[in-house]
């Protein structure tokens, strides 16, 4: 809807200060569709040149920019190869190149890492970081929550077309932390003492779990355990994963 | 304007890269060769029979009209077949997503593609039309009159078919679009020939049925107008010729085709702009 592919049934939407259906504002927007399709009879360079021209770039500036952006996505060795022979991962990289060729201020990427191997995923993460560093805003739409966790600094959950939750992934120190401790000789008195820093305390089969009120209190917790005579073999603190958050917010899969 | 030129240029490049242009021209060259051989055989036949120059001219004129009619049919069919997938296919495959989100209005995408196909069809008509006339002139010395008018009418017929493939392409899948446009073209063909045959038979009811068909799809009436324009009055008056001037579409029919083309294209633009992609 923000790219005017789908018409809104009501209301207004603005992108970069302009109405969402404003054609000119799209000069500053890059978009990678989920299932990027293309003219497969073109070479990689011709395809990016075509999308660059449509984005309002001159033929002159594209002469330099096309090899640059194909280098960025790791397709430089295939610049003059017909797209028809590309693998899915290569096409995904090509789609990313067409979204970035005109150095947009706002970038919408729909599942940009699907079809990519681990190296490709890392490359996408690096590219997104570069875009963020040059001042662009990146909207990343993905079901790969681990990817989002390491790439984004803010996440929203959308259910049935409505934003149901928002989470700032960059905020960490003051957040609650779930800790798992592998320890023996943990007495009832020791567990009672933990309550001053944490909640949801459980101890079973040498496995102690609790939710600390923040990351800052963890050293105190460890000192307390040792001081009370517990033998600590492992101490792991982790923020609730995005996947856990997702399940919590969206609810269990009802089984379609 | 820039978007129109980019899209039109891409349409040419696609036709060239996918060998559509070259295959169409090769097929036409083959057609011209067969036409030339047929004329040559006919000419030898005439010589051996010592046929009167008057009858000979009439038959040679008729053969030229057959050649030009094949050019007309091929041009329309090729226009439909090459353009049938351009909107419908890109919408259903999602290719359009990366294009329609660029700073180019949807009407420019449509008009750009349309312009590309129309220019290609026009070049095809001009080349095959000139080729057929040149072969006829070279072998038997018969040329049509009002050549430019005839060629323009055939190009308009291609434009009418093209506007319909674009309009239906914004609604239906490639296959459905193809079936519908070819069925409508068949309808127009039937209507045109009904008018022609009923003209011989002097049946006003069938003439009316033919006119109604031509109103629904005016392509064939343009060919019959072109045939009327290109034949000498003498050749056109031959009652045994399938292209005889028995039921001549008027200037109003040509204007109607122009309006039909403009309306179809306008609805195509409107619907392509309004629909979700």
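The numbers here are math on the coordinates, done by the rules we state, and not lab data. Worth saying up front: this structure is predicted, and the values here are computed from it rather than measured. Cβ: placed from backbone, ideal geometry, glycine included. Neighbour counts: every protein chain shown.
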Self-check item: Estimated Rh, region A:86-228: Kirkwood, alpha-carbon pairs, angstrom
Solution: 18.6
Quiz item: By how many degrees, 0 to 90 and rounded to 10, does the Cα axis of helix B:219-230 deviate from the longest principal axis of chain B?
Solution: 40
Self-check item: Hull-based mean projected area of region B:17-143, where the convex hull spans the alpha carbons, in square nanometres
Solution: 9.1
Quiz prompt | Cα-Cα pairs of region A:1-123 separated by more than 23 Å (percent) | solution = 32
Quiz prompt | GNM result for chain B, Cα springs below 10 Å: residue of B:252, B:104, B:142 fluctuating most strongly | solution = B:252
Practice problem: Using only Cα atoms, tell me the angle between helix B:106-140 and the longest principal axis of chain B; keep it within 0 to 90° and round to the nearest 10. | Solution: 20
Quiz prompt | region A:1-66: C-alpha gyration tensor shape, a/c 1.5 cut-off, then a/b vs b/c | solution = oblate
Practice problem: Would you please classify the overall shape of the protein assembly as shown from the alpha carbon gyration tensor, given that a ≥ b ≥ c denote the square roots of the eigenvalues, rounded means a/c under 1.5, and beyond that prolate means a/b larger than b/c while oblate covers the rest? | Solution: prolate
Quiz prompt | Mean separation of Cα contacts under 8 Å (6+ apart) over length of chain B, as relative contact order % | solution = 24
Quiz prompt | Once the Cα gyration tensor of chain B is diagonalised, semi-axes √(5λ) in Å | solution = 37, 22, 14
Quiz item: Over region A:177-243, what relative contact order in percent results from Cα pairs under 8 Å that are six or more residues apart?
Solution: 50
Self-check item: Global form of region A:177-243, assessed from the alpha-carbon gyration tensor, a/c cut-off 1.5
Solution: prolate
Quiz item: Can you give the angle from 0 to 90° between the axis of helix A:218-227 and the longest principal axis of chain A, with both taken from C-alpha atoms, to the nearest 10?
Solution: 30
Quiz item: Which order do A:57, A:250 fall in if you start with the one that has the fewest other Cβ atoms within 10 Å?
Solution: A:250, A:57
Exercise. Can you pull a Stokes-Einstein diffusion coefficient for region B:82-162 at 37 °C (0.692 mPa s), Rh from Kirkwood over Cα pairs, as a whole number of µm²/s?
Key: 219
Quiz item: How many angstrom separate the Cα center of region B:163-220 from the Cα center of region B:27-71?
Solution: 29
